[in-house]
Amino acid sequence: MGLFDKIRGEFIDIIEWTDSSPNTLVYRFERHGNEIKYGAQLTVREGQNAVFIDEGQLADVFPPGMYTLETSNLPILSTLKGWKYGFESPFKAEVYFVNMRQFTDQKWGTKNPVTMRDPEFGPVRVRAFGTYAMRVDDPGKFIQEIVGTDGHFTTDEVTDQVRNVLVARFSDAMASSGIPVLDMAANYDELGEKLGDRVGDDMEGYGIELRTLLVENISLPPAVEEALDKRTSMGVLGDLDQYTKFQAAEAIGDIANNPGSGGMAAGGMGAGMGFAMANQIGQAMNQPGGQGGQQGGGQQTPGGPPPIPQAPRFYAAIDGQQTGPFDEAALKERIASGSITKNTLVWSQGMAEWTKAGEVAAVSKHFGATPPPLPGS
């Protein structure tokens, strides 16, 4: 290196930074012990701020633009340096470039389930995750509170802290929302707004602003989700009795259409299964909600009371002719009219032969009682 290059290298006359990385938040301009020349050119590009630090103290902050570093645009640094009447000699100061653009698609989520009291399920544990976008809002405060003397500060070094704050505030936001777990999917936007309001003050203390804070999913433990799936399935099936009948009928149809192979043995097995299915359908049809509680002929419904006993019906020999059968009401009419007397022969199912009506208890009870003869007559 020549003498001229060595002398020129003692002073910095151009200060700028071009960012080629996707996650750099703060970059310290490297001077390698060189001093900044009076009148040096400072270039701050869009999406950047330049922060001057003098011996650990925050000095001047420059927004986007081109600057010639003189006493007039370094008021705080001039005060710290004691330049009351200006200066023309080189000076030393640390220059930090702060990336002011938004960093999107930052992830957050609960490491452990959060316990809350649900109005329908009682105490439940839920997990949640989502995304957010952040940007540096106050570069001076951000360097003072978070960066310190780190010369290359990336998003990875601050996202853990942001995530911890989000999870802590999310628990409060979710518990105070009063929204049932099953309705949270329809209120993700509302929860995101509540969460953003709660973490706003925390982030402001770091010089950070969170934007587009999103809740993407709130999930229950696997066992609870499995129980909900079963409950949903029952709701989809509807009437389980009708569904059972439908399944049985479908099974019989499948057997009829697919007799299978294996000769007579397979055919016999298919027929046996068909008879079994038919029996199940018959039983299902006799269940409450099927086609009536009793079938024709007064058959007893499985699991129900026995049929009501039927009164016997009688045939009668009137004027030498077999008439009837007569039920109880018809018998009373014939007896009242005199067509049937106590000596009239009658017969009903279960009797061995024709018998006088007065000797059959089921008929004789309808004849008027004859009083006994008076005493002494």
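The values are calculated or read from the model by the stated rules, or taken from the named source; none is laboratory data. The model shown is predicted, which means the values in this text are computed figures rather than measured ones. Cβ atoms come from the backbone with ideal geometry, glycine included; neighbour counts cover every protein chain shown.
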In the list A186, A173, which residue meets the criterion of being surrounded by fewer than 19 Cβ atoms within 10 Å (Cβ to Cβ), of a type in the set (A, V, I, L, M) and part of a helix (DSSP H, G or I)? A186
Residues that are under 17 Å from Q41 (Cβ atoms) and loosely packed, with under 11 Cβ neighbours inside 10 Å, drawn from region 51-87: S72
Does Y85 fit the bill of being of a type outside the set (K, R) and free of Cβ contacts under 8 Å to residues at least 24 places away in the same chain? yes
For region 106-145, what are the residues that are surrounded by 15 or more Cβ atoms within 10 Å (Cβ to Cβ), more than 20 Å from T212 (Cα to Cα) and of a type in the set (D, E)? D118
Taking region 24-49 and keeping only residues that are at pLDDT below 90 and surrounded by 13 or more Cβ atoms within 10 Å (Cβ to Cβ), one is left with R31, N34, E35, I36, K37, Y38
Considering only residues of region 34-54 that are in contact with an Asp or Glu (Cβ under 9 Å, 6 or more places away or on another chain) and part of a loop (DSSP other than H, G, I, E, B), which is farthest from G140 (Cα to Cα)? N34
State which residue pairs qualify: first residue buried (at least 17 other Cβ atoms within 10 Å of the Cβ) and inside region 191-211, second residue outside any helix (DSSP H, G or I) and polar (S, T, N, Q) in any location, beta carbons under 6 Å apart, and separation of 6 or more residues or different chains. none
I'd like to check something: does region 146-155 contain any residue that is part of a helix (DSSP H, G or I) and either touching a residue at least 24 places away in the same chain (Cβ under 8 Å) or surrounded by 13 or more Cβ atoms within 10 Å (Cβ to Cβ) (or both)? yes
